[in-house]
Every structure is written in structure tokens, then in C-alpha cells.
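What follows draws every value from the coordinates through simple rules; no lab data is involved. Being a predicted model, the structure only gives us computed values, none of them experimental. In this analysis, Cβ positions are derived from the backbone assuming ideal geometry, glycine residues included, and neighbour counts consider all displayed protein chains.
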Amino acid sequence: MGSRVDDPDRTGRPAVTATPDSASATAPRPLWRNRDFALLWSGAAFSILGMRVTSIAWPLLVIFDGGSAERAGLVGFAALLPQLLVQLPAGVLVDRWDRKKVMICSDLTGLTAIASVLAALLIWQLTLPHLLIAAFLAGSASVCYQLSERAAVRAVVDPSHLSAALSQNEARSKGAGLLGQPISTVLLSFASWMPFGVTVIGHALSIATLLAIRTPFQQVRRRRRASLGSELAAGLRWMRDQKLLRSALVLISCTNIISQVLALAMILIIKESGGAVTTIGLIGVATGVGGLLGALCGSWFMARFGLSTLFVGTLVLRMLLIPSIAFFSEPWVLAAVFAAMSWAGGLMNVVGGVYQVRITPEEMQGRAASVGSLITSGANSLGPLTGGLLLGAWGTSVTVLGAAVTMAALAVLAAVAARRFGVPAQGREWQAE
């Protein structure tokens, strides 16, 4: 069986020669010289930033246009609904189809949906049904795009660069989330159509970078395709058999719920102490910066610590930080605590992402990522509901301390799961396969 020859200028991998010893002795080019990864990363940065800008703009557009809070909530729900309905079928399609074409089609779908809203704002009247359909289509395109992009990373980087590449991707997502809200609100203050114009430009730039990438995003698939339902069932069975990964995803979903509860508690603490709304925004900025820094240093920590140490350690760190929220109402203290917790979350996202990509077969990448996203992101919708009920019944101090106890229990469960199920070889060797 012959070896595929890769151009080191576009993949960062050394050229394959007929002599195994010389190939193994040749070190891959640095990640920053990997042309195709740079194109993939920058194109996704344009697309994801546009998506973040629009996600903030959906409800704000309705409210500023004179709509009710109920209508704004309905549009926000339509934009997030694909996270629940589209994740699993999208994962199957990402594994069945050419991933680059999926990303281009996703960009075209998002561009068309957002451009229709832009045209309605500039030319004719925008209606609620139009906004609901556009928000759902844009959200669906976002799900397909991000699943494809995550699966494509392994194809364009050397295995030894995978942790650094995914660390940079997580930092990019955190940065887009940090910039999305201020950009969206500033643009809306000038004109209601401007956030949607920026998103259209972002999708167009992403398409241009994708067309410039030469490396295939997946291996050649010669096997006969099963039905959509059969492939989905195969993905679910594979995830069921990954006991450590499955346990980690469930624990992460629990931490996501706790984070939502604490965010709501923080808002109440600021309000009860007489703080301004701008204080909440500043704490949000500090939280975003913490997550960005955690993602950036992910590869450094993975080079020095094992999976179980990092997973349990980040949970313990958050457990130790949470009680401070119950006893301090000073904004700078809350900002520091939430930034530190977000740092731990950003680090864990990188660690979990690298582990999932490494242990997942190439032909199963889309389905594995879709199941993981469904479990972890689906929990976010339960956070505000849970927080509202607990804070209403127990108050802020008791709820926050209860969150700390719950986080301690999760840390214990994580240690038990790591000890019971073990860490496969791929999980021990972060830097090489």
C-alpha cells in the first residue's frame, strides 16, 4: 500500500519518502508555517465571529424594532433550536459527505439567510416568520460548519501539532464570543442592518479561504454507505462504548449547568448590592478573557500533565473558587473569580477536544462531536431554569454554596471514572501518536 505524499508548505507535515527511517527522522514544520491550517483557522474565525455577532443581534433587533420580549425570546429560541434538533443528523452528514463542501454549503446557507434579513431591513419590511426561519437556518448552518471544521483539523495538521491546533481553535472561539457582543451592540446603535452586513462579509471571507485550501478534509471512503439512521445508530453505539469519554461529557454538562446557575446568582448579587448593569458587563468581559487565556495555554498544560490530572484539577479549582461568590459582592472579586473559573473551563475544553479527536476513528469524527455537543450544550438550556428555581427557593448564598458542594462531588466522580475506566494510550500521549 503506497503512502500519500503531502506538500509540507500546505500541511506542515514532512514529505513522505521511500525510506521509513528518514521520514521518521524528519520533524514536521512548525504549525505557524502550515498554510492550510492558517487558512482554515482564519476562515473559521471570520465565519464564527459573524455568527456570534448575529446571535446577539437576533433578540436585540426585535426589541429595538418595537417588538415584545416574548417575540425576542421566540427568535432567540429559533436560533438555538438547531443545537438540539440538528446536531445528530449533522454529525452523520459530516461523516458521509466531503467536509469542505459541507463547510462551503453551510457558509452559503448562513450567508443567504442573513442576507435575506439584511435585504428586508434595507428594502422591505421584516416580518416575524421571516426572522424565525432565517434564525433557524443560520443556526443550523452554524452547527454543520463547526462540526465539519473540528473534524477537518486532524486532516491538515501533523499529529504532533493537534493539541496546539485545537488549543488555538478554542482560543479563537473564546475570542469570537468575547468580541461578538460589543461589536453587535455598537453596530446596532448605528443601524439595525449593520450586524447582519458584517456576518455576510464573514461568511464570504470564510468561503474564499476554504476554496484556497488544497488538502482533503478526510480520507477516501470506499465502503458502501449505510442508511442515515444506521450510521446515526452506529455513532451512538460507539459513544456508548467509550466509557471514559461518555462520563467526562456528562460531568461537563453538569458543570455547564452550575456555571449558568452561578452567572444568574452573580447578577442578583450585583443588583442586591446596588451595582450597575455595566458592572455585569465588565464581569462578563473578565470571564471571556479568562476563557481565552485558558484555551491559549491548553497545549502547554497537556505537554506536562495527564488527562485525569487536568480534568480533576480543573474541577477542584472551580470548587475552591465558588464559595467566594457567596461571601463577597465586590465587583473586582467577582470578576477575578469568574475569570479564574472560565480559565479552568477553557483549559478543559481544549483537553476534552484533543482527547475526543484522538480516540475517535476518522470516519466517526462528525458523529462523535455531534453527540458530545448535544450532551454538553443541551445542558445550557437547563441552567437558567435550574438557577431560577434554586435562587428563588434558597437565596444566593445557599445556592452558591450548594453549587460548590456539587462541584466537589463532580471532582470525586471524575477521579473515580478516570481510575475505573483508565486512560487509553491515545489519551496519555498528547504530543504524538
After finding the eigenvalues of the alpha carbon gyration tensor for the range 140-192, what semi-axes result from the square roots of 5 times each, listed largest first in whole Å? 30, 14, 6
Positive-pole candidate from G197, L81, W238, dipole of the chain, charges at beta carbon: W238
Express the relative contact order of the chain as a whole percentage, based on alpha carbon pairs under 8 Å and six or more residues apart in sequence. 23
Could you go through the range 335-341 in sequence order and give the Karplus-derived ³J(HN,Hα) for each residue, using 6.51 cos²θ - 1.76 cosθ + 1.60 with θ = phi - 60°, rounded to whole Hz, and x for Gly and Pro? 4, 5, 5, 5, 5, 5, 5
Using a Gaussian network model on the chain with a 10 Å cutoff between Cα atoms, which of S342, S148, S247 fluctuates the most? S247
Can you compute 3J(HN,Hα) from phi for each residue in the range 297-306, using the Karplus curve 6.51 cos²θ - 1.76 cosθ + 1.60 with θ = phi - 60°, rounded to whole Hz and x for Gly and Pro? 9, x, 5, 5, 5, 5, 6, 10, 10, x
Please report how far the C-alpha centroid of the range 93-149 lies from that of the range 315-385, rounded to the nearest whole angstrom. 27
With charges set only on the Cβ (+1 for Lys and Arg, -1 for Asp and Glu), what does the dipole of the range 31-222 come to about its Cα centre, in debye to the nearest 20? 620
So what is the relative contact order for the range 89-186, in percent, with contacts set as C-alpha pairs under 8 Å and at least six apart? 33
Report Rg(Cα)/(2.2 N^0.38 Å) for the range 266-387, keeping two decimals. 1.22
Expressed in angstrom, Rg and Dmax over the Cα atoms of the range 31-222 are 16.9, 55
Along the charge dipole of the chain, Cβ charges K/R +1 and D/E -1, which of S370, G346, L131 sits furthest on the positive end? S370
So for the range 31-222, averaging the separation of alpha carbon pairs under 8 Å that are six or more residues apart and normalising by length, what relative contact order in percent results? 44
Is there a quick way to get the dipole size of the chain? I mean about its Cα centre, with the Cβ of Lys and Arg at +1 and of Asp and Glu at -1; what is the value in debye to the nearest 20? 1060
Computed [θ] at 222 nm, helices only, for the chain once each DSSP H run of length n ≥ 4 contributes -39500 (n - 2.57): -26500 deg cm²/dmol
Label the chain by shape, choosing from rounded, prolate and oblate, from the square roots a ≥ b ≥ c of the eigenvalues of the Cα gyration tensor; if a/c is under 1.5 it is rounded, and otherwise prolate applies when a/b is larger than b/c, oblate when it is not. oblate
